[in-house]
Structure formats: structure tokens, C-alpha cells
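Undergrad: I'd like to ask some things about the structure below.
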Amino acid sequence: MGSLPFTVSDLQTSTSGTRSSPTLLCTPLMGTTVDQMLIEMGKAKEIGSDVVEIRLDCLRNFNPRPDLQVLIERSPLPTLVTYRPIWEGGQYEGDETKRQDALRLAMELGADYIDVELEIAHDFNNSIYGKKPENFKVIVSSHNFHNTPSSEAIGNLVARIQATGADIVKIATTALDITDCARIFQIMVHSQVPTIGIVMGERGLISRLLSPKFGGYLTYGALEAGAISAPGQPTAKDLLDLYNFRLIGPDTRVYGIIGKPVGHSKSPLLFNAAFKSVGLNAVYVHFLVDDVKKFFDTYSSSDWAGCSCTIPHKEAALKCMNEIDPIAKKIGAINNIVRRSDGGLMAFNTDYIGAIAGIEDQLRGLNGTNPAAGSPLAGKLFVVLGAGGAGKSLAYGAAQKGARVVVANRTYERAKELADKVGGQAMTLAEVDNFHPEEGMVLANTTSVGMKPKIDETPISKQSLKHYCLVFDAIYTPKETRLLREARETGATIVYGTEMLIRQGFEQYKNFTGLPAPEELFRQLMEKHA
Ligand code: NAP
């Protein structure tokens, strides 16, 4: 198919979690008392963070010398001390001299880093000139809570921060679109000084996840989902366990799922575990995308190796492709995109392959035929209930395998349109109960009838199920729908919607990597996280 094949150099020498980049993982401590912060630092160490950020502005009664002494001395991890004023998005409202005095004291008491805001950095750095302990570093930060400026404006900002004598530059902007992250990546890659680049907000998530790929000095990971210090911050645990943060480096290929919303997708869990299990230098992230064309135009290099595509982009993404698999084109929807070796994008629809492969395997078990004998669907009467996205996938897939397709839909016109395209017969859903020209037919429900919460509903009477040898239901919430339960009771073989879901994942993995999918691992993870 011409996609970029993985080579030996893409395989990491270890699958045990060895670091691929020096990017640090810093966990902000947001406790309101010193005792709370001490507990939090222990947890941060346990999770695997490298640094803790002591947010002095979160403390309710802060007593600089004794509190800093305890917090710095008792920290099991290197410390970054921040005392963020309200005018830069923090909580401190008091006297500015006292604030800066506390930061200087933190330096004297052995903090590893302090974070000072660009507005005061010049004077502050002058005040500590010649007094900085060895290995102590000043991070000079700038926060923009409105947007992400142009590359030129960010470049100028970096220069201003550097001119203050910063050891480390920190720029935090706000994502209005996922493509805003590209400008921060560009800055991090080209910066001559260590740089922390963060794009805040849920559309900026990849700026945090991919920090090690683009040479970021540090990224922030929260202790818990509800304890974030800035919008869009992931948890340290997710960075480490879900996204394999330690394995990400400059050459890591980036995959992901584009959608809106997309945060609920379990695909990163499956693909990252799969990549790690075979030592592939790749990561799979959530891409919250508003404008598909802008996304593909921006992330167009070979680093961005492919993606899965979900609602609402399955149709819009078609227009951005250089090549479309012929069946995906007929179905009119894609869910799997791979960057070819020439940089172009090739799209597939793996939904239909997943469902059809699941049905074929069960039929083979039923008939005792082997895969070499051709598709057991050839010549079968295959009744598809529904004519939406899933209906199209099943109808085209079955027709391609030589089945005689019947499409039954609540709205007859949609059934007719799809049936005509696949050379099949159309009817209304109401007519299906009395349709049994022969025995041993295959039934595939792709309507949402019976889906949670309306689990007592079913699209076809139990009585008529006796004419079918196999019943498939695309619905996977619940796993066993009323339709499948009644089909089983009637003696038909059943195929769960989860089979379609998981097998389409196998196909995507194969298209992405050119390797067979670790099927057992996928199944175990699906079972565990369903
Ligand atoms: P869709 O494009 O919106 O199509 C929905 C279909 O259901 C249409 O044919 C619609 O008929 C029919 N329908 C909806 N409500 C109905 C009702 N009350 N009575 C009769 N028919 C009704 O949705 P889709 O993307 O195809 O998804 C359909 C189902 O498949 C969902 O349950 C989804 O979760 C599942 N699915 C599963 C997988 C998987 O991997 N297992 C993948 C994709 C989808 P009209 O044309 O008359 O509106």
C-alpha cells in the first residue's frame, strides 16, 4: 500500500520503559497546607514524576522561612518553586516585594528551580546576580490566556525572555485550535536555550504529550484529574502509563485519533500498549480537531504518520486524501488514514473489514470451512437492518464478499439508495418480520434500536429470528443486546458489536505499522477497560 514501513531502527532496544528523551515530568503541588504538600510530593515520587512544583500561592497561611525549609528539605524530588501572582493567572494578591523575597529565600534554601514572571524577571535576575548556587536555575515565564500568537511574535517573546538572563524559557499560550501547538513545537525545536512550551486548553493537549519529541525541557503532569494547575493539563499517570511519555523522543512517529469530542476514546490505550509491547518507536494521542483540512495542512511532515478518524470527521476527511481505498470511497466514509512514503495521505474504512471478518470467522466455525476456501458469505442472503454509516459498511462489505444483500430501514428511501448501490434489494424495517424466502440467512443490525439506555427494544421479532443462522449486532453498549440474546435463545450463532470494534482496530494497526496486530493484548485491554 506504500505507507512508511517500520524498520529495525524504529524498534527501541528495550520495551521496559527506558527513557528516550531528557524531558522532565513536573507535578504541581496544589495543597493549601504544608502538610498536604508533603503528602502530595510523596505521591508524585510514587507515580514517577521527576520534579515537584511548589505552588506557594496555593498555601493558605504561608510562613516563608519555616515553610520553605520544610518543603524543600523534605521533598523526595527536585523542587521548582513558583509564587504566581494574580496578574499572571495565580492566586497571590499581596505585596510584590514580599513575593520576590520568598522566591529569593527559596533559592537560598536549596530549591532547584524558581519560576519568575517575565514582567519582573529583569530586575529580579539582577537582584540575584552573582548569588546563584551551582545547578540552580531560573525559569522565566510568560502566560497568555487568550490565544497563541504568530510564530514571529512568539520568537520575539523568546528573545525578550532570554534577554532577562533566564536559564530556562517558559512560554504558555492558549489553544484556540489544535494547529496552534505547531508554532510552539517550532519554537522548542529551534530554541538555543532550554525551553518549556505549553499550549493550554484541551486543544493544546498534544503540546504537553509531545514535549519530549520537540525537545521541551519539562512538561507538567497533575497528581489527579481534578488537581490541575492550568487548563488542559493531563495527569502524570496518564502521561507515563497511557501515552508512554518516557519512550517519546525526537524520532517517535505520531499517530492519533481525530474527532470532536475525542477525549473519551480508548484507542490511545490500545495502540500505545501495542506499540510498547513490540518496542515500536511510536505514540498514539487524542487529537481534538475542529477543522480537518487545517489539521492535515499543518501537520504534514512524516512525523505525523497516520490517524484514526471518528465523528464528525469521517466524511470531511475524505476531501483531504491523496488516495482512497476503493471500498472506503464507495462507502463514503473513512476511519483510518496512513501517511504514504511520498508524504501523501491514504485512507481506508476498517469498520467494514472488522465486522465482516468477525461474521466470516463465526460462519466458518459453523460450516467447518477454512479461510482458504473463500468467503463463507459468498451466495448467502445477508439482511442489513439500517442504512446509516454502519449500515453502509456492512452492506458494501457483504456485497464485496459475494453475498446477496437486502437492506431494511425505517426510512425506505435510504434503504433503496443503499440497496441500489450494492446491487441488493430494499424494504422497510417493518417488512423484515415477514421476510424469509429461505432458511440460514445472516442478519446484521446496524440501527441503534436496542442501544443503551433503551435496552428493552429490538428491531425484529424473536419469532422471525429462526430463519437466520447468524445474527450480528453493531451495538456494543450493552454487549449483549436483546436482539443477540433472543437470537442465541433461538439457536442462531451470534457476533457481538465489540468484535467489529476490536477487529477494526486490528486492521488500523496493520495499516499503520505493516505488522500483525497483537490481537490477544487488544482483547485483554478491551475486556479490562470496557
Ligand atoms: P447512523 O448513521 O445515525 O444510522 C442510524 C441508523 O439507525 C439509521 O438506519 C436509522 O434509520 C436507524 N434508526 C435510528 N433510530 C431508529 C429507530 N428508533 N427505529 C428504527 N431505526 C432507527 O448511525 P451509525 O453510525 O450507523 O450507528 C448505528 C449503530 O451502530 C449505533 O448503535 C452505533 O453505536 C453502532 N456502531 C458500532 C460500531 C462498532 O464498531 N461496533 C461502529 C459504528 C457504529 P433512519 O435512516 O430511518 O433514520
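Undergrad: Averaging sequence separations of C-alpha pairs under 8 Å and six or more residues apart, then dividing by the length of the chain, give the relative contact order as a whole percent.
TA: Result for the chain is 10 percent.
Undergrad: Sort Ser393, Ser127 so the one with the fewest other Cβ atoms within 10 Å of its own Cβ comes first.
TA: The most exposed by this proxy come first: Ser127, Ser393.
Undergrad: On to the next question. Suppose the chain between Asp420 and Asn370 were pulled fully straight at 0.36 nm per residue; how much longer would it get relative to their current alpha carbon spacing? Kindly include the intermediate steps, with their values, before the conclusion.
TA: Numbers: separation 50, 0.36 × 50 = 18.00 nm, distance 3.15 nm.
Extra length from Asp420 to Asn370 when fully extended: 14.8 nm.
Undergrad: What FRET efficiency comes out for Glu73 versus Ala159 if R0 is 35 angstrom and r is the Cβ-Cβ distance? Round to the nearest 0.05.
TA: In this case the efficiency is close to 0.40.
Undergrad: Tell me, what HN-Hα J-couplings in whole Hz come from the Karplus equation 6.51 cos²θ - 1.76 cosθ + 1.60 at θ = phi - 60° for each residue of the stretch 98-108, using x for Gly and Pro?
TA: 4, 4, 5, 4, 5, 5, 5, 5, 4, 4, 4
Undergrad: Can you pick out the pairs among Lys319/Lys392; Lys466/Lys528; Lys266/Lys528; Lys330/Lys454 whose Cα atoms lie more than 22 Å from each other?
TA: The pairs that break the limit, which is 22 Å between Cα atoms, are Lys466/Lys528; Lys330/Lys454.
Undergrad: So what's the stretch 134-237 giving for Cα Rg divided by 2.2 N^0.38 Å, two decimals? Each step should come with its number before you reach the end.
TA: Numbers: Rg = 13.0 Å, N = 104, 2.2 N^0.38 = 12.8 Å.
After normalising by residue count via 2.2 N^0.38 Å, the value is 1.01.
Undergrad: As I understand it, the value is the acute angle between the Cα axis of helix 267-278 and the longest principal axis of the Cα atoms of the chain; what does it come to in degrees, rounded to 10?
TA: So the inclination is approximately 80 degrees.
Undergrad: Sequence neighbours fewer than 8 away in the same chain don't count; with that in mind, list the lysines whose C-alpha is under 20 Å from Lys43.
TA: By straight Cα distance, Lys43 reaches Lys237.
Undergrad: Same structure, new question: Do any chymotrypsin sites (Phe, Trp or Tyr not before Pro) in the stretch 106-149 lie in a DSSP loop with no more than 14 other beta carbon atoms within 10 Å, and if so, which?
TA: Tyr129, Phe145
Undergrad: Can you sort Lys266, Lys98, Lys137 so the residue with the fewest Cβ neighbours within 10 Å comes first?
TA: On the way: Lys266 15, Lys98 12, Lys137 18.
Result, fewest neighbours first: Lys98, Lys266, Lys137.
Undergrad: So what's the back-of-envelope 222 nm ellipticity for the chain, counting only DSSP H runs of four-plus at -39500 (n - 2.57) apiece and dividing by all residues, rounded to 500? Walk me through the numbers on the way to the answer.
TA: Working: 16 runs with 179 residues, N = 530.
Taking each H run of at least 4 residues, the total per residue is -10500 deg cm²/dmol.
Undergrad: Tilt of helix 34-47 relative to the longest C-alpha principal axis of the chain, in degrees (0 to 90, nearest 10)?
TA: With rounding to tens, the tilt is 50 degrees.
Undergrad: Another question about this same structure. Using Cα centres only, tell me the gap between the stretch 397-451 and the stretch 320-367 in whole Å.
TA: So the two Cα centres are separated by 21 Å.
Undergrad: Counting only the backbone N, which residues of the stretch 358-383 are under 20 Å from the spot 7 Å out from the Cα of Glu438 toward its beta-carbon?
TA: Within reach of a label on Glu438, which here means backbone N under 20 Å from a point 7 Å along Cα→Cβ, the stretch 358-383 contributes 359-370, 373-383.
Undergrad: Moving to a separate point now. What is the percent of Cα-Cα separations in the chain that go past 47 Å?
TA: Values: 35749 of 140185 pairs.
Here the long-distance tail beyond 47 Å is 26 percent of all Cα pairs in the chain.
Undergrad: Let me ask another. Hey, fewest Cβ within 10 Å first, where do Val495, Val405, Val432 land in order?
TA: Val432, Val495, Val405
Undergrad: Working from Cα positions, state the angle (0 to 90°, nearest 10) between the long axis of helix 64-73 and the longest principal axis of the chain.
TA: The two axes meet at around 60 degrees.
Undergrad: A further question follows. Thr33: net charge of surrounding residues, Cβ under 13 Å, Lys/Arg +1, Asp/Glu -1, itself excluded? Please report the intermediate quantities before stating the final value.
TA: Values: positive: Arg55, Arg60; negative: Asp35, Glu40, Asp67.
Result for the neighbourhood of Thr33: -1.
Undergrad: Across the stretch 449-462, in residue order, what do the Karplus-derived ³J(HN,Hα) couplings come to in whole Hz, using 6.51 cos²θ - 1.76 cosθ + 1.60 with θ = phi - 60° and x for Gly and Pro?
TA: Result, ordered by residue: 6, x, 7, 3, x, 8, 6, 8, 8, 8, x, 8, 6, 4 Hz.
Bear in mind these aren't lab numbers, they're just calculated from the coordinates by the rules spelled out. Because the structure is predicted, anything quoted here is derived from the model rather than measured. All Cβ positions, even for glycine, are placed from backbone atoms using ideal geometry, and neighbour counts span all protein chains on display.
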